[in-house]
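S.K.: Handing you this structure, nothing more for now.
The values are calculated or read from the model by the stated rules, or taken from the named source; none is laboratory data. Everything quoted here is computed from the prediction, not taken from an experiment. Backbone-built Cβ (ideal geometry, glycine too); neighbour counts: all protein chains shown.
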Amino acid sequence: MERSEADIERSFREETARLTAARLPLGTVAVAAVFAFAWILEHGAHPERDWVYAVVYVGELLTLGVALALTRRPRWGAARLTVAAVALAAIPPWIGAYHIWTQGEGEVLVMALLYLTTGTMVLFPWGWQGQLPVVLSAMLTYTVAVQMGVRTASPLAMNFLGLATISTLSVGGAVFLARHRRRFLRQASRLRLANTALAAASQAKNQFLAGVSHELRTPLNIIVGYADLLAEGHFGALPAEAQEAVARVARSSRSLGYLINDLLDLARMEAGRLLVHLHPVELAPVFAEMAQFVEPRLNREQVAFHWEAPASLRVIADRERLVQVLVNLLSNALKFTARGEIHLRVQAPEDSVVAIEVRDTGVGIDASELHTLFEPFHQGASGRKLGGVGIGLSVSARLAEAMGGQLSASSEPGCGARFVLRLPAAPGEEVSQ
């Protein structure tokens, strides 16, 4: 449910009070530093005024110190902005008292008051409610100081005009900044609500994918099981045509099983519940299994499949997940290679990393699509023509990372695609081609 304007306004006031209290120490340090430096300059011109300056300086610091102490107390939490505004509004009278006491220069007083009004507007996000008391205090201080005999070398009207102009602009600036802070707060509130809704939708999607995948696996396993029994002759010998049909049913069912596993894994990944079991895996048997997966699906008259695996070469991986990644890569190669070759091999060694390459001579991938290739449910132009749901490469890339490896791709349109799965070599392996 969207937050009401009253809730947003309350949050704005609370944040304003919190930020004002948080920045009050910085304001205190700034006042102390500026007036300490001014004291040095004043001492050079009027050393006889040192004791008066010391009284005023201590008074300013005590005023700000009391405000700091009050804003730190929990029971003053609701009044932090008021305390800070009153404390800063009390500084102009201290400055005016010094100039009245010493019959100082009116232009110096105006300059000090201008610095104070602009500084508070920049430092404190308190809107006109906090800025106006400081401005009114500055104007009143200058008026009283003039009445009490502060000397001015320039016309009073000019001094009043300058002070009134800067004071008005500082109040306007405070209003402007507060208005934009309110707008940002509303936008942040909407973004939080949108993120919450997106998180809920993502969770619902993950639950749906997990539920559907789980429900599909049970009947699919039964189909595969009976297809295998038929192919093995448990229900009697089958005619040659029937054997080929049953083999197609079994292959298609297993392909559907791989897709369901990808969907289930995607849901687990989104929920952060994907588990991998890493141990040394020998590549030669895995490659032989991939050959058994690819060869029945080949159009042998148009596409050749070449594979080679170094004997006894092992990697650190989850064998089931490694097979899943290679099945996805080889399925894509089969889909997009109408004629030519598909290669499965191990590249030249790279330190303690084994690089498994799947390369084809198919349609290739446009360079503009490579950067989104591993995003879930993304498909390039060729993929949309030939079908698919666009999750295989995304799941494969995440599985590679989960096993401590990396999946990369390179391609040129019309020149095929090349995918490289890099995995850590098993300890003690002599990596060779």
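S.K.: Which of the helices (runs of 4 or more DSSP H) contained wholly in segment 232-346 include at least 1 residues that are farther than 22 Å from Leu421 by Cα? It would help to see each step written out before you state the result.
M.R.: Values: elements: 240-271, 283-294, 319-336.
Those helices (runs of 4 or more DSSP H) span 240-271.
S.K.: Say whether the condition of being surrounded by 15 or more Cβ atoms within 10 Å (Cβ to Cβ) and touching a residue at least 40 places away in the same chain (Cβ under 8 Å) is met by at least one residue in segment 197-208.
M.R.: The initial filter retains those residues of segment 197-208 that are surrounded by 15 or more Cβ atoms within 10 Å (Cβ to Cβ), namely 206.
Among the residues that remain, those that are also touching a residue at least 40 places away in the same chain (Cβ under 8 Å) are: 206.
Yes.
S.K.: Six or more apart or on different chains, Cβ under 6 Å: which pairs go from a residue in segment 327-349 that's within 22 Å of Arg251 (Cβ to Cβ) to one that's at pLDDT 90 or above and among the acidic types (Asp, Glu)? Could you list them?
M.R.: Hits for this filter: Ala333/Asp360; Thr337/Asp360; Ile342/Asp360.
Table: residues versus (1) in the same structural domain as Trp94 (by TED's automatic domain parsing); (2) farther than 30 Å from Gln292 by Cβ; (3) β-branched (Val, Ile, Thr); (4) surrounded by 12 or more Cβ atoms within 10 Å (Cβ to Cβ).
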{"residue": "Gly149", "(1), (2), (3), (4)": "yes, yes, no, no"}
{"residue": "Ala153", "(1), (2), (3), (4)": "yes, yes, no, no"}
{"residue": "Ala164", "(1), (2), (3), (4)": "yes, yes, no, yes"}
{"residue": "Leu185", "(1), (2), (3), (4)": "yes, yes, no, yes"}
{"residue": "Ile223", "(1), (2), (3), (4)": "no, no, yes, yes"}
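S.K.: Now for a separate question. Taking segment 47-58 as the region of interest, how many residues are aliphatic (A, V, I, L, M) and either closer than 13 Å to Arg18 by Cα or surrounded by fewer than 16 Cβ atoms within 10 Å (Cβ to Cβ) (or both)? Show your work before the answer.
M.R.: Initial filter on segment 47-58 (aliphatic (A, V, I, L, M)): 52, 54-56, 58.
So of that shortlist, the ones also either closer than 13 Å to Arg18 by Cα or surrounded by fewer than 16 Cβ atoms within 10 Å (Cβ to Cβ) (or both) come out as 54-55, 58.
Qualifying residue count, segment 47-58: 3.
S.K.: Going by what's in this entry, would Phe305 be described as at pLDDT 80 or above, farther than 22 Å from Leu220 by Cβ, assigned by TED's automatic domain parsing to the domain that holds Leu344 and among the hydrophobic types (A, V, I, L, M, F, W, C)? Break it down into steps so the answer makes sense when it comes.
M.R.: On the way: at pLDDT 80 or above: yes; farther than 22 Å from Leu220 by Cβ: yes; assigned by TED's automatic domain parsing to the domain that holds Leu344: yes; among the hydrophobic types (A, V, I, L, M, F, W, C): yes.
So Phe305 fits the description; yes.
S.K.: Identify, from the list Val281, Val325, the residue that is β-branched (Val, Ile, Thr), under 30 Å from Ser202 (Cα atoms) and touching a helix residue (DSSP H, G or I) at 6+ places or on another chain (Cβ under 7 Å).
M.R.: Val325
S.K.: In addition: Please work out which residue is surrounded by the fewest Cβ atoms within 10 Å (Cβ to Cβ), limiting yourself to segment 337-349 and to residues that are more than 14 Å from Ala309 (Cβ to Cβ) and touching a strand residue (DSSP E or B) at 6+ places or on another chain (Cβ under 7 Å).
M.R.: Arg339
S.K.: Taking the residues in segment 386-430 that are among the β-branched types (Val, Ile, Thr) and outside any loop (DSSP other than H, G, I, E, B) as candidates, determine which candidate is modelled with the highest pLDDT.
M.R.: The qualifying residue modelled with the highest pLDDT is Val420.
S.K.: Return yes when Ala6 is loosely packed, with under 12 Cβ neighbours inside 10 Å, of a type in the set (Gly, Ala, Ser), without any contact (Cβ under 8 Å) to a residue 12 or more places away in the chain and over 24 Å from Leu114 (Cβ atoms) and no when it is not. Quick ask: steps written out before the conclusion?
M.R.: On the way: loosely packed, with under 12 Cβ neighbours inside 10 Å: yes; of a type in the set (Gly, Ala, Ser): yes; without any contact (Cβ under 8 Å) to a residue 12 or more places away in the chain: yes; over 24 Å from Leu114 (Cβ atoms): yes.
Considered against the rule, which asks whether it is loosely packed, with under 12 Cβ neighbours inside 10 Å, of a type in the set (Gly, Ala, Ser), without any contact (Cβ under 8 Å) to a residue 12 or more places away in the chain and over 24 Å from Leu114 (Cβ atoms), Ala6 comes out as yes.
S.K.: Let me ask another. Determine whether segment 34-57 contains at least one residue that is assigned by TED's automatic domain parsing to the domain that holds Leu156 and touching a residue at least 60 places away in the same chain (Cβ under 8 Å). Reasoning before the result, please.
M.R.: Just the residues of segment 34-57 that are assigned by TED's automatic domain parsing to the domain that holds Leu156, to begin with: 34-57.
Filter once more, so that each one left must be touching a residue at least 60 places away in the same chain (Cβ under 8 Å): 34, 38.
Yes, there is a match, as at least one residue in segment 34-57 is assigned by TED's automatic domain parsing to the domain that holds Leu156 and touching a residue at least 60 places away in the same chain (Cβ under 8 Å).
S.K.: Next question, about the same structure. Within the bounds of segment 31-45, is there any residue that is under 32 Å from the mean Cα position of the chain (by Cα) and of a type in the set (A, V, I, L, M, F, W, C)? Write out each step before concluding.
M.R.: Step one: list which residues in segment 31-45 are under 32 Å from the mean Cα position of the chain (by Cα), which gives none.
No, that holds for no residue.
S.K.: I'm checking my understanding of the structure. Among residues of segment 59-93 that are touching a residue at least 60 places away in the same chain (Cβ under 8 Å) and not hydrophobic (A, V, I, L, M, F, W, C), which one is surrounded by the fewest Cβ atoms within 10 Å (Cβ to Cβ)?
M.R.: Checking each candidate, the answer is Gly77.
S.K.: Among the listed residues Gly77, Gly65, identify the single one that is closer than 19 Å to Ala22 by Cβ, small (Gly, Ala, Ser) and modelled with pLDDT under 90.
M.R.: Working: Gly65 fails: modelled with pLDDT under 90.
Answer to the check: Gly77.
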